[in-house]
Each structure stands twice: as structure tokens, then as C-alpha cells.
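Chemist: Sharing a structure with you now.
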Amino acid sequence: MRLDSVEYEVVPLSVNMKCRFVQTFLIIPLALCISSCVVNLDRVFSSYNYTSTQPNQDDIVGVWIADEATLKDMRTRGNYITTVPPKFVLNADGNFKMDNMPDWWKDGFGEPRGGFETNSGTWKLSKSGCCWEIGLHFKAPNLYTNVGLLEHRFNGKPKFLIERILGDPDSGNEMTFIKQ
């Protein structure tokens, strides 16, 4: 067909409908798959990885304080007062003390309840699958749990973070502690 010296190709309606049909049924499932996976992009682009080689115990012993991102999350999402930050003290003799930990740390859904916990017990490095973590055995109540150990190498010396995932791991909610 020719109008005003411009040529137009007439495409049958059935071809356009087939293309729309295929596009719709490819895009919609793809969008649903992507939206169903909540991915913490900070973790994807982080320079920290779970520790795959056994760390030196001296690198783990010490005082670990909640980082600024954790304190901000505690204030905004959890409505906690953060004047005294949560901390772990890991001793060389295998004992530890946990101070001022918000109650959402052990809630199965990571939900804040407004309280804090101080507790103590023993700790040890343990391997779970391919990665090393810190096992915490609390005195009362008799509770055993693990916290993740992340590492990044700066100038050949490992720098570690302790990570506690809050609730569903896919939620992206976590508490991170840095060594003082």
C-alpha cells in the first residue's frame, strides 16, 4: 500500500496478536519469578563472603559491637532505643557474654517485641557445610544457635563480621557485628 510516497507494509492482525500473546506469556511468568525472590542487593554486591577456611581463634576472640546499619535498622524498623549498642564478648577460654541484644534476634519471624536480653554461655567455631560459623550455647535457657562468620581480606589480613539473620533468610533482615 502506498500513501503520500511512503510505503507501508500491512501485517495481518493474526501475526500481531501472536507476538503479543507470546510476549505476555513470557514476561508475566518472568516478572512473577523475579518478584517472588527477595534478594538483599547489599549482600549480592558485598565484598564479604561466608568464611570457607578455618579462621584463627585469635581473630575471633574479642568484643563485637553492632554496626551502624544494624543500629539504624533497630531504631527504624524495630523501634528500639540504641543508646547502648548490642554486643558479644567472646573470650579465649570459650565463654561468651551477650549484652543488650534486642529480642527479635531469636524470634522465628524476626519480629520486634521491644525488649532486650543479656545472657552468657560458651562458644566454639564450627563448620557447617562449606562455611565456618560461631556456635553459641547459652546457659539459661538451654539454647544452642549459630551466627554466621563473614570475611573480607584487607591487605592480606582477614577482617571478619558476625552476622545474625533475623527471621526468614530471604527477608534480608540481619544484624551485623564488627570487632572492636
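Chemist: How many nm is it between the label spots at Phe109 and Cys131, if each spot is 7 Å from the Cα in line with the beta carbon?
Modeler: Taking the two extended label points, one gets 2.5 nm.
Chemist: Here is a further query. Please turn the phi angles of the range 101-114 into ³J(HN,Hα) values with the Karplus equation 6.51 cos²θ - 1.76 cosθ + 1.60 (θ = phi - 60°), one per residue in order, whole Hz, x for glycine and proline.
Modeler: Values, residue by residue: 7, x, 5, 6, 5, 10, 6, x, 10, x, 8, x, 10, x Hz.
Chemist: If the viscosity is 1.306 mPa s and the temperature 10 °C, what Stokes-Einstein diffusion coefficient in µm²/s follows for the range 42-179 when Rh is the Kirkwood radius over Cα pairs?
Modeler: Stokes-Einstein gives a translational diffusion coefficient of 103 µm²/s.
Chemist: Need the full-extension length gain, Thr83 to Asp58, defined as separation in residues times 0.36 nm minus the C-alpha distance. One decimal, nm.
Modeler: So the extension gain works out to 6.1 nm.
Chemist: Report the label-to-label distance for Lys139 and Glu117 in nanometres (one decimal), using points 7 Å from each Cα along the Cα→Cβ vector.
Modeler: For Lys139 paired with Glu117, the spin-label model returns 1.6 nm.
Chemist: Loop only by DSSP, 12 or fewer other Cβ within 10 Å of the Cβ. Give me the trypsin sites (Lys or Arg not before Pro) in the range 99-171 that pass, ordered by residue number.
Modeler: Arg113, Lys139
Chemist: For Thr51, what charge total do you get from the other residues with a beta carbon under 9 Å from its beta carbon, if Lys and Arg give +1 and Asp and Glu give -1?
Modeler: -2
Chemist: Sorted by average packing, counted as other Cβ atoms within 10 angstrom per residue and highest first, what order do 86-93, 97-104 take?
Modeler: 97-104, 86-93
Chemist: A follow-up question, please. Quick one: what are the phi-derived ³J(HN,Hα) couplings along the range 68-77, Karplus 6.51/-1.76/1.60 with θ = phi - 60°, whole Hz, x for glycine and proline?
Modeler: With coefficients 6.51, -1.76 and 1.60, one gets 5, 4, 5, 5, 5, 4, 4, 6, 7, 7 Hz.
Chemist: Counting only residues 5 or more places away or on other chains, whose amide H sits under 5 Å from the amide H of Leu166 once H atoms are built in the peptide plane?
Modeler: Placed amide hydrogens put Asn173, Glu174, Met175 under 5 Å from Leu166.
Chemist: What are the ³J(HN,Hα) values, in whole Hz, obtained from phi via the Karplus relation 6.51 cos²θ - 1.76 cosθ + 1.60 with θ = phi - 60°, for each residue of the range 116-133 in sequence order, with x given for Gly and Pro?
Modeler: Karplus values, whole Hz, x for Gly and Pro: 10, 9, 10, 7, 8, x, 10, 9, 7, 6, 9, 9, 10, x, 9, 10, 8, 9.
Chemist: Now for a different question. Starting from the amide H of Asn146, placed 1.01 Å from N in the peptide plane, find each other amide H under 5 Å away whose residue is 5 or more places distant or on another chain.
Modeler: Under 5 Å from the amide H of Asn146 lie the amide H atoms of Leu136, each far enough along the sequence or on another chain.
Readers should treat all values here as calculations from the given coordinates under stated rules, not as data from a laboratory. Everything numeric here is computed off the predicted structure, so don't read it as measured data. Neighbour counts are summed over all protein chains in view; Cβ atoms, including those assigned to glycine, are modelled from backbone coordinates with ideal geometry.
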